[in-house]
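First comes the structure, then the notes that go with it.
The values are calculated or read from the model by the stated rules, or taken from the named source; none is laboratory data. Computed from a predicted model, the values in this text were never measured in an experiment. We place every Cβ from the backbone using ideal geometry, glycine too, and count neighbours over all the protein chains shown.
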Amino acid sequence: MSTRKSRTAVGKRTDLLIGALLRVPAQVIHRRIIQELNAAGFDELRLPHIAVLQYPGPDGERPSTLAERAGMSKQAMNQLLGSLEELGYLRRADSPDEGRSRVVRLTRRGKAAFNRIYRILQELETEWSATLGAAQFAQLKEILMRIWESPLVQGANIRSVAEPRVF
């Protein structure tokens, strides 16, 4: 009986916790990016590739940094990098500064996909602003930026994402 009550309480809109409230829009964004990339001719890209192509992008980064940023093992990240390398989106090269370490470099196709992601996100912002209203959308972004800059994020061991950039 308590299980039934628990399910009902969790299903209420007012009972949604912050994790769900942030996760669902992020999932919508990721699926939209992949759908539109596929429609634009980048048809071999899939949702897991977002872990590599997400902000601020992989170009010039070490695979270990990308793994940390995505919250996955180095082995899992290297599988994704291998997949994207085979598909022609990136290549791994020796780091000019760090001896034996490797860095990721986007190919021309990878840069085109990454630029398309940026345009998709601009379109999404326009749509969400129209839906919420410009003032509420600006307020949402301001609140999220305050969280981004707060100790909540700064202390979360997400070093490579803590500095906001354009994308």
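Data table
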item	result
Residues of region 62-84 that turn out to be crowded, with 16+ Cβ neighbours inside 10 Å and in a helix (DSSP H, G or I), as a count	13
Selection within region 36-49 - surrounded by fewer than 20 Cβ atoms within 10 Å (Cβ to Cβ) and in a helix (DSSP H, G or I)	Glu36, Asn38, Ala39, Leu47, Pro48
Residue within region 144-162 that is more than 22 Å from Ala70 (Cα to Cα), more than 16 Å from the chain's Cα centre (by Cα) and modelled with pLDDT of 90 or more present	no
Long-range neighbours under 7 Å by Cβ, at least six apart or interchain, first residue within 13 Å of Val103 (Cα to Cα) within region 63-74, second surrounded by fewer than 20 Cβ atoms within 10 Å (Cβ to Cβ)	Pro63/Lys74; Pro63/Asn78; Pro63/Arg102; Ser64/Lys74; Thr65/Ser160; Ala67/Ser73; Ala67/Lys74
Test set (1) outside any strand (DSSP E or B); (2) of a type in the set (Lys, Arg); (3) touching a residue at least 24 places away in the same chain (Cβ under 8 Å) - Arg31 fails condition number	(3)
Residue within region 22-34 that is modelled with pLDDT of 95 or more, within 23 Å of Glu127 (Cβ to Cβ), buried (at least 19 other Cβ atoms within 10 Å of the Cβ) and of a type in the set (A, V, I, L, M, F, W, C) present	yes
Residue in region 86-109 that is modelled with pLDDT of 95 or more, surrounded by 11 or more Cβ atoms within 10 Å (Cβ to Cβ) and under 16 Å from the mean Cα position of the chain (by Cα) present	no
Hits in region 114-131 - residues which are touching a helix residue (DSSP H, G or I) at 6+ places or on another chain (Cβ under 7 Å) and either of a type in the set (Asp, Glu) or over 22 Å from Gly71 (Cβ atoms) (or both)	Arg116, Ile120, Leu124, Trp128, Ser129
